[in-house]
Amino acid sequence: MTVTQAAMRDALGDALLELAPRFPDMVVLDADVSSSTRTAAFGKAYPERFFNVGVAEANMVDIAAGMATCGLRPVASTFAIFLTLKAGDPIRNTICYGKLPVIFAAGYGGLSDSYDGASHQSIADLAVVRAMPNMTVVVPADVIEVRQALEAALLMEGPVYIRLSRNPTPVLFEGSPPLEIGKIRKLRDGSDLTIAVCGVPTFMAIEAADRLAASGISVDLLEVSTLKPIDAEALARSAAKTRRVLTVEEHSIHGGLAGAVAETLGRLAPARMDFIGIEDTFPESGDYMELLKKYGISAEHIENRAKALVKEG
Amino acid sequence: MKLDIPSVLAEKNRSRKAAQLQYLAQYFRLSVFDVLHERGTGHWGGASSAAELLVSLYFDAMNVKPEEPRWADRDRLVLSKGHASCMLYTVLAWRGFLPVEELKSFRRLNSRLQGHPCMVKTPGVDMSTGALGHGVSVAVGMALAARVLKKSYWTYVLVGEGDLNEGQTWEAIMSAAKFRPERLVMLIDYNKVQLDGPSQEIMPLDPLPDKLRAFNWNVAPTIYNGHCVGEILDSFTWIRCQSQWPVAVIYTTHKGRGVSFMEDNAYWHGSPIDAESYARGRPELEATLAELEAKL
């Protein structure tokens, strides 16, 4: 059976167009990457609601802030790494401090800008935005969740960071109940080990869980689409049952999903843990899936680490 | 306070109004001096520098409703030089946004009056500021929102040298010239002294009008005296006649204005006003206030 593949950036472009009539106050800003992030189509359809500010991320975010105070619903789009690091001060000091309803469409998350190399790969963005009060952080796992996250964010009051990916990845949630911000989606029910995953690697974790089941290890598989506020109750319930937790993310193991899960469980349900993600290093250029695999993000690696975690006791 | 605020707001005679606002600015300056001394924290230099500009904006130019601080059609002010917060709070209080008595709580624990302006806590503050370099971008966004929403409010942004050191301000200046939002006005409180010393030593900005013109802004041909309300009102008249956006006006000001030994001295950017300096400085401010009162 062939799995349908689709790119989150295309889903963003489509969703903006689809939601535009329903949200007439929505405006879109981009920083000279609109053909890459796919916001250009919105700009063509709604030129009076689209603002390309050039390569000036901090300026873009503060313009969005000003607009938000006046009743507009800005969606600020550019590559995740430049958004969070070049515009980190406006995101924190203007948007989050002011609780302003700005949506960040953080494109090219993780290693998805694979050929452009480490300079363009975003492996610290989740750590940055998680540490900002008032911010909601959503990491969709497929195109279906991208559209649902955008719609849900437009119905919320404060700032929302939505992390996106560049490349086609498997469509996982067609026909499933919609993504709910703040809620974990349970994908497999098991008792030997919890795997908590977010974003693109979700499809790998599903594959690994099914292989593990075949070898007699039952996985409680949780898709943590909202890193903040995290669904602490669902996490704690699972960890209390399995006593073993493996996190999987396309991000540094410092400060992203691993951090969020460890912080939560450290208080509520301490468990033996392991973390799959980028190990405090700069990745490199290469084919996306090969690159992920080289840096330990693959179904095979998840399966092996899960087995090791179960074996440890 | 020798003036009745509603009468000041209703005053139609231009020279009488200028005299009244000149008095108000000095009165607020004295109030800020007292609060900063009493609290032992805050920024005297930049607050004093902006007194006449902020008074003229809130008591002459700006259409606001203190009883409805978030009124959608109000004119906006972004105090990009957020360290002048104590002067902004003082102006907002006397304009009716918060109790004058509350000014004493400046920078106290649990106060609504934060060290730097916080839009979530203080009525009348249109944007949280403090970190420099944000204001012009934010103002561009507000002014563009007016265009999208078909509103006609004005957006003012008050900047200082520190703001103009920040790269983001120049990104914003470029983008304003691209989008040309109507009724966007940048006022430059050009006192030429920064935290660490004279701008000429720290980061020279001149020729500032030429730079702004090169960035395609409509820059006022006159550089106004930012401590003379009459000149500030002249500048507002000029602004009202413009149709090329965005507009920038440069005002010559003095950091720490009103206390001779504090003027143009970087030390008084943010140093606490100690007892001796307070005792020496206050009579100077009082004397000027008495002169202005005599002219009412």
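Descriptive notes on the structure:
- Averaged over the residues of A:87-97, the number of partner chain Cβ atoms lying within 10 Å of the residue Cβ comes to 4.
- 11 Å beta-carbon shell around A:PHE104, net charge (K/R +1, D/E -1): -1
- In a reduced charge model with +1 at each Lys and Arg Cβ and -1 at each Asp and Glu Cβ, chain A shows a dipole moment near 700 debye about its Cα centre.
- A:MET132 sits among other residues whose Cβ lies under 10 Å from its own Cβ, and their net charge, with Lys and Arg +1 and Asp and Glu -1, is +3.
- Cα gyration tensor, segment B:193-241 - rounded (a/c under 1.5), prolate or oblate: oblate
- Fewest-first sequence of B:GLU102, B:GLU201 by Cβ atoms within 10 Å of each Cβ: B:GLU201, B:GLU102
- Taking the number of Cβ atoms within 10 Å of each Cβ as an exposure proxy, the fewest-first ranking of A:MET26, B:MET262 is A:MET26, B:MET262.
- Charge tally for B:ALA10 (other residues, Cβ to Cβ under 10 Å; Lys, Arg +1; Asp, Glu -1): 0.
- Counting only other chain Cβ atoms within 10 Å of each residue's Cβ, the peptide A:42-54 averages 2.
- All aspartates and glutamates inside 14 Å of A:LYS228 as judged from Cα atoms, apart from same-chain residues fewer than 8 positions distant: A:ASP125, A:GLU180, A:GLU263
- Percent of alpha-carbon pairs separated by more than 30 Å within segment B:5-294: 24
- For the protein assembly as shown, the fraction of alpha-carbon pairs in successive 10 Å shells from zero, as %: 3, 17, 24, 20, 15, 11, 7, 2, 0, 0
- Point-charge dipole on Cβ atoms (K/R +1, D/E -1) for segment B:96-169, about Cα centre, debye to 20: 320
- Under-15-angstrom lysine pairs by C-alpha in chain B, whenever the two are 8 or more apart or on separate chains: 6
- Residue-averaged 222 nm ellipticity for the protein assembly as shown, from DSSP H runs of 4+ at -39500 (n - 2.57), nearest 500: -12000 deg cm²/dmol
- Span-like helix ranges in chain B, DSSP H, alpha carbon extent 20 angstrom or more, Kyte mean at least 0.5: B:135-149
- Counted by neighbouring Cβ atoms within 10 Å, the residues B:SER80, B:SER56 run from fewest to most as B:SER56, B:SER80.
- Note on the protein assembly as shown: dipole from Cβ charges, positive end direction compared against A:ILE230, A:GLY216, B:PHE59; the farthest Cα belongs to B:PHE59.
Bear in mind that the values in this text are calculations on the coordinates, not laboratory data. All figures in this text were calculated on a predicted structure; none of them were measured in a lab. Because the Cβ atoms are built from the backbone with ideal geometry, glycine has one as well, and the counts that use them run over all protein chains shown.
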